[in-house]
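These notes concern the structure reproduced below.
Any read-out appearing in this document is the output of simple, stated calculations on the displayed coordinates, not a laboratory observation. Predicted model, so just to flag it, every value in this text is computed and none were measured. Cβ: placed from backbone, ideal geometry, glycine included. Neighbour counts: every protein chain shown.
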Amino acid sequence: MNLDNAPESVKNQYEELVRLMDKNPKSYSVPATDAAKVLGMDVECLKAAAYQGRCPFAIGGDNGELTNRFTKIPKLALWNFFNQSYTFK
């Protein structure tokens, strides 16, 4: 991807994204706290959006009445969200 003409803030965000993808190479997902940091948003807002099914790259839910909610953010989905149609160009 060519970011030569991109603003510095966008370049920095892509660098953070790449570091996040490489952080744990054996894992296929990223922690919600780390994803929220790269996105520049509150982690609880991200978790709520995932739980409500409104986040295009995250899965959220619960395992029943007496269990905690969960949020799963697959690396591939987050990467594709950031890159949209640029991934394979």
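Distant-in-sequence amide contacts of Phe70, defined by a placed amide H-H separation under 5 Å and a gap of 5 or more residues or a different chain, comprise Gly61, Asp62. The share of alpha-carbon pairs in the chain lying farther apart than 20 Å comes to 38%. Residues Asp4, Asp62, arranged from fewest to most other Cβ atoms within 10 angstrom of their Cβ, appear as Asp4, Asp62.
Using 0.36 nm per residue and subtracting the Cα-Cα separation, the extra length available between Asn80 and Gln13 on full extension is 22.7 nm.
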